[in-house]
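Each remark here refers to the structure printed beneath this line.
Every number here is computed from the coordinates shown, using simple stated rules; none is lab data. Since we're looking at a predicted model, the values are computed, not measured. Please note: Cβ atoms are built from the backbone with ideal geometry, for glycine as well, and neighbour counts cover all protein chains shown.
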Amino acid sequence: MHFKSLMLSIAIFLSSILHLTSQVTNHWETVVYNEDILYYSVENADIPNNWKESDFDLSIWEQASGGFGYGDNDDNTILYGLHSIYISIPFDIVDLEDINEAALHADYDDGFVAYLNGVEVARSNLGEVGQNIAFDEFAFEPHEANLYQGQQPESFNISNDFFQSDRNIISIQIHNRNATSSDFSSNFFLSVGVSS
């Protein structure tokens, strides 16, 4: 009996060691790049609240290469006179259990809110946490993009609990500071730390 208890204890200990080992990040992989083809909508009216959900019908939106702006050397798609733009990028996760951590890298001018499968995961210079932002609201203050200056984008840690098996969607709304702003930037990357 004592032997069986000892063997059970050893098995539980080894299982916990293997579990902890599997949670160590081996390397990082980028699942969404700033230049990926994405869906977007330039709004002049509020859009449905479910625009950020994974089952939202994106077929009514335009498609283009990510990185929107006024053409100041960090934009893949040039659009002028932007007050706000809404973007959504679907991507697949093959092995959900392999993800230990995640980060959104954001290069923007002037403010944004980001959602992963409908859950807010990052926000800067735009409203309060959890607040829905109307299409015609402005960012709090000017915020300059970093990439075109040779600097790194800002990084926001994301809980890996918000990912789903198979289809996922990262949805981001970006707002300008005012209607006469001379620039606009929206370059976003989503990366995951994986254990294998």
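Tell me which of these PRO153 doesn't satisfy, since it passes every other one: (1) under 25 Å from ILE47 (Cβ atoms); (2) in contact with a Phe, Trp or Tyr (Cβ under 9 Å, 6 or more places away or on another chain).
Only one criterion in (1) under 25 Å from ILE47 (Cβ atoms); (2) in contact with a Phe, Trp or Tyr (Cβ under 9 Å, 6 or more places away or on another chain) is unmet by PRO153, namely (1).
Counting only residues that are surrounded by fewer than 16 Cβ atoms within 10 Å (Cβ to Cβ) and among the charged types (D, E, K, R), how many does the stretch 121-152 have?
Looking only at that region, the number is 4.
Could you pull out the residue among GLN131, GLN151, GLN173 that is under 25 Å from ASP75 (Cβ atoms) and free of Cβ contacts under 8 Å to residues at least 12 places away in the same chain?
After ruling out the rest, the residue left standing is GLN151.
Could you please give the count of residues in the stretch 68-96 that are touching a helix residue (DSSP H, G or I) at 6+ places or on another chain (Cβ under 8 Å) and under 21 Å from GLU29 (Cα atoms)?
Selection size over the stretch 68-96: 2.
Go over the candidates ASN50, ASN73, ASN100, ASN44 one by one and state the one that is surrounded by fewer than 20 Cβ atoms within 10 Å (Cβ to Cβ) and assigned to a helix (DSSP H, G or I). Break it down into steps so the answer makes sense when it comes.
Values: ASN73 fails: assigned to a helix (DSSP H, G or I); ASN100 fails: assigned to a helix (DSSP H, G or I); ASN44 fails: assigned to a helix (DSSP H, G or I).
Step by step, each of ASN50, ASN73, ASN100, ASN44 is checked, and only ASN50 is surrounded by fewer than 20 Cβ atoms within 10 Å (Cβ to Cβ) and assigned to a helix (DSSP H, G or I).
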